[in-house]
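The values are calculated or read from the model by the stated rules, or taken from the named source; none is laboratory data. Worth saying up front: this structure is predicted, and the values here are computed from it rather than measured. Cβ placement follows ideal geometry from the backbone for every residue including glycine, while neighbour counts extend to all protein chains displayed.
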Ligand code: 13P
Ligand code: SF4
């Protein structure tokens, strides 16, 4: 935990908050000193104390600039009691920490988060927007990420060095990102090198991947993409090298390649469990895009028959899906786009229009609530929700924030420096061409 050398240090237990003065000089600190004396003085009457506290209260700007959780001998608060707290108690705790840490704390939330959690996000977005927000965060000291592990890693890589990033539940991973572990990616690259010149292959990874895989791409002149800029990134890549190796979402890679007019015969799937990815050498040689055999377990659940059923019920309805869906679903949809695109499309749609939306359940439900003048329906009869995003709940958020303010932070996401360096290069390339 980094400590400021001067100024305020805030040490807080859920039930108590002790503010101590660090070593420093100046009128602001003198005001602070008086403020603390009055705040804790047993000799003043309550109303006198309140008046004096208001008079000498340190400015918000000063508090924001210097508040730091104290190094402490306290042990981290254990999670178990938080499971038992009622929602109102958890919400109160979260609200208190937000108020205390003010702009030093930035809570970022992905649109797939449940309502209970997203209400506390200072800023929300899709993967691309959240990457931009982390890169632009110039005031905060702590980012608490309500999303999944790779998003928190990306925030750690892109934010200023002094910013610490936390993920309320470390089990909030992404099954798609886990499908491309770095050892398999390196082995595949080596395999490929025995057949073709890998200097002419651009490694491109969807942001839904580990920092290791991003770093792997960055080291080799490669790049990251998100669902909102995949086409621009693939065009950039194929303008520089003959082929692309695309990790880990085969569907996003294939759907984007097709929009660009690349025939299916020039896109081969690489199954990392098989020698040469399960391909014949001549298939590899004629490929322009090699697609890692990964997928999103949520979006893969949407099927062409769900679209047929929707169209049977609402012939005038339009279908809008995320590009992580299978090609057979994307082919039958009216519109395809990233989370932000889906949100914008529904917001701008005419009143009375009907939409079947193929993306994560929490987002679709929120869109339906936000636009009661339109009919927004979930495309699948099944519950397609991201179980790992759902792990971020009120108990974990409150527990993480209480520990942060107590000075016993838990669940910090820290990408090792060398990995972060190369991963950042790949991410910055993406941010530049968007
Ligand atoms: P976007 O946020 O880029 O739309 O991706 C959706 C997703 O699956 C996030 O994990
Ligand atoms: Fe991963 Fe899919 Fe969940 Fe996104 S929705 S975090 S890609 S499993």
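Observations on the structure shown:
- Members of segment 78-118 found to be out of contact with any strand residue (DSSP E or B) (no Cβ under 8 Å at 6 or more places or on another chain) and either crowded, with 19+ Cβ neighbours inside 10 Å or within 21 Å of residue 369 (Cβ to Cβ) (or both), listed by number: 82, 87, 90, 91, 93, 94, 112, 114, 115, 116
- Candidates 224, 213, 244 - the one that is assigned to a strand (DSSP E or B), crowded, with 24+ Cβ neighbours inside 10 Å, within 16 Å of ligand 2 (Cβ to nearest atom) and touching a residue at least 24 places away in the same chain (Cβ under 8 Å): 224
- Filtered residue count, segment 264-300, keeping only those that are assigned to a strand (DSSP E or B) and within 16 Å of ligand 2 (Cβ to nearest atom): 3
- Residue match in segment 276-284 (condition: in contact with a strand residue (DSSP E or B) (Cβ under 6 Å, 6 or more places away or on another chain), on the phi > 0 side of the Ramachandran plot and away from ligand 1 (no atom under 16 Å from the Cβ)): yes
- Sub-7 Å Cβ pairs linking a first residue in segment 147-176 that is under 13 Å from residue 423 (Cα atoms) and not assigned by TED's automatic domain parsing to the domain that holds residue 248 to a second residue that is in a loop (DSSP other than H, G, I, E, B) and more than 15 Å from ligand 2 (Cβ to nearest atom), at least 6 apart or interchain, are 153/415; 156/414; 156/415; 157/415; 159/137, ordered by first then second residue.
- Total residues in segment 144-165, condition within 16 Å of ligand 2 (Cβ to nearest atom) and part of a loop (DSSP other than H, G, I, E, B): 2
- Positions within segment 192-210 being within 12 Å of residue 290 (Cβ to Cβ) and in a loop (DSSP other than H, G, I, E, B), in sequence order: 195, 196
- Residue match in segment 97-104 (condition: within 21 Å of residue 82 (Cα to Cα) and within 15 Å of ligand 1 (Cβ to nearest atom)): no
- Members of segment 342-386 found to be away from ligand 1 (no atom under 12 Å from the Cβ) and under 19 Å from residue 173 (Cβ atoms), listed by number: 361
- Among the residues of this structure, residue 180 does not count as one that is touching a residue at least 24 places away in the same chain (Cβ under 8 Å), in a helix (DSSP H, G or I) and crowded, with 20+ Cβ neighbours inside 10 Å.
- Matching residues in segment 247-262 - criterion: being away from ligand 2 (no atom under 15 Å from the Cβ) and in a helix (DSSP H, G or I): 254, 256, 257, 258, 259
- Breaking point among (1) under 30 Å from residue 139 (Cα atoms); (2) buried (at least 18 other Cβ atoms within 10 Å of the Cβ); (3) more than 13 Å from ligand 2 (Cβ to nearest atom), for residue 185: (1)
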